[in-house]
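Here is the structure we will look at.
The values are calculated or read from the model by the stated rules, or taken from the named source; none is laboratory data. It should be emphasised that the depicted structure is a prediction, and the values quoted were computed from it without experimental measurement. Reconstructed Cβ throughout: ideal geometry from the backbone, glycine too, with neighbour counts over all protein chains shown.
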Amino acid sequence: MRTGGLWALCLAGGVVLSGCTGPEDGRAVPEPSFTDAASAQQGTTPPPDSRTQSTAEVPDPTPEPPAPPEPSRASQASSDPESIHVLVNRQNPLEPMDFAPRDLTELQVRTTVEGPLYLRAEPAQALEQMFSDAADEAVVLAVTSAYRSFSGQARVYSARHQQLGTEATDEFAARPGYSEHQTGLAVDVIGIENPVCIRGDCFDQTPEFAWVAANAHEYGFLIRYPQGAEAITGFGYEPWHLRYVGPETAAEVVAEDLTLEEYWDLPAAPDYDEPEPDSVHLLY
Ligand SMILES: [Zn+2]
């Protein structure tokens, strides 16, 4: 199902998402009062004296309804791949599946790979500032992976799948169209002084990780796949994988110690709907 869970929720009407058609904050449009509606329907206007008298002496029969509560979140999930609040997980692939951002920007930071790496413009700028500020505190960070295209993800996924099959490959890599890296909002970071931890859980034992965990949200980044949340996010613990959502949302998510699924009040996404990847995901 390519539309994923977001649209189902839109239709259910229980949750109003920014990607849905309708008021962004979910507030109902106030109904006109009975008096106004009756006047409009009849096309008549009460005589000035009676209207004045009425409003002066008769209590308003339709008191103002209580103001709707202010939105309690800095953001809501979006199904728009251009939004920095797009939710991508095993239940919510990118739509279109081969989406590519239009504002990819080459990262001007240290990396562990040859050749350029890219993020969208806003997270790229935020990441560069974060790395610069970390360096001022003698914390040296580097990027191991950033934007990955649909076709690039398909190559990675297919090569692994051909060797190991679906189950083992799904543990290792997102299916193409289901990777946050394809949004241009996700980046993998390491401590460059601890290269042994490039892809291992030991990154979270490093001072570089401690700095990232304490500060990344101020730059708009989250540790997207925290420990013990695999049943919600669909991914095991990835201390290196940061997702940009903007500083306001990141601050709230960190303060409440939530996953993005929980913060946006959306269902957990432990599994794909399809047991096997679609043929468009496999290049062999
Ligand atoms: Zn990653």
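Which of the residues spanning region 147-160 are out of contact with any Lys or Arg (no Cβ under 9 Å at 6 or more places or on another chain) and surrounded by 21 or more Cβ atoms within 10 Å (Cβ to Cβ)?
Once the filter is applied, which keeps residues that are out of contact with any Lys or Arg (no Cβ under 9 Å at 6 or more places or on another chain) and surrounded by 21 or more Cβ atoms within 10 Å (Cβ to Cβ), region 147-160 yields only Arg148.
Can you name every residue in region 158-187 that is of a type in the set (Asp, Glu) and modelled with pLDDT of 95 or more?
Glu180
Filter region 170-200 for residues that are in a helix (DSSP H, G or I) and free of Cβ contacts under 8 Å to residues at least 60 places away in the same chain and give the result.
Of everything in region 170-200, those that are in a helix (DSSP H, G or I) and free of Cβ contacts under 8 Å to residues at least 60 places away in the same chain turn out to be Phe172, His181, Val196, Cys197.
Could you list, in sequence order, all residues of region 65-112 that are in contact with a strand residue (DSSP E or B) (Cβ under 7 Å, 6 or more places away or on another chain), under 30 Å from Glu193 (Cα atoms) and assigned to a loop (DSSP other than H, G, I, E, B)?
Leu107, Val109, Arg110, Thr112
State whether the residues of region 228-236 include one that is assigned to a strand (DSSP E or B) and away from the ligand (no atom under 14 Å from the Cβ).
no
Under the condition of being of a type in the set (Asp, Glu) and in contact with a helix residue (DSSP H, G or I) (Cβ under 6 Å, 6 or more places away or on another chain), which residue from region 97-155 is nearest to Pro207 (Cα to Cα)?
Ranking the qualifying residues of region 97-155, first place goes to Asp103.
What do you reckon, is Ser179 polar (S, T, N, Q) and touching a His at 6+ places or on another chain (Cβ under 9 Å)?
no
Got a sec? Which of Thr112, Thr144 is touching a Lys or Arg at 6+ places or on another chain (Cβ under 9 Å), at pLDDT below 95 and either β-branched (Val, Ile, Thr) or more than 27 Å from Ile190 (Cα to Cα) (or both)?
Thr144
Under 8 Å between Cβ atoms, which residue pairs at least 6 apart in sequence (or on different chains) link something in region 218-234 that is among the aliphatic types (A, V, I, L, M) and buried (at least 21 other Cβ atoms within 10 Å of the Cβ) with a partner that is at pLDDT 95 or above and part of a helix (DSSP H, G or I)?
Close Cβ pairs (under 8 Å, with a partner that is at pLDDT 95 or above and part of a helix (DSSP H, G or I)) amount to Leu222/Ala216; Leu222/Ala250; Leu222/Val253; Leu222/Val254; Leu222/Leu260; Ile223/Val212; Ile223/Ala213; Ile223/Ala216.
Return the residue satisfying two criteria in turn: it lies in region 142-186 and is of a type in the set (Val, Ile, Thr) and out of contact with any Pro (no Cβ under 7 Å at 6 or more places or on another chain), and of such residues it is nearest to the ligand (Cβ to nearest atom).
Across region 142-186, the extreme among qualifying residues is Thr144.
Within the set of pairs 6 or more residues apart or between chains, which connect a residue that is part of a helix (DSSP H, G or I) inside region 130-141 to a residue that is not basic (Lys, Arg) with Cβ atoms less than 6 Å apart?
That search, which allows pairs on different chains as well, returns Met130/Tyr219; Phe131/Val109; Phe131/Leu141; Ala134/Leu141; Ala134/Trp211.
Confirm whether Asp273 is touching a residue at least 24 places away in the same chain (Cβ under 8 Å) and not aliphatic (A, V, I, L, M).
So Asp273 passes the test.
May I ask you to say which residue of Val254, Val245 is in contact with a His (Cβ under 7 Å, 6 or more places away or on another chain) and within 16 Å of the ligand (Cβ to nearest atom)?
Val245
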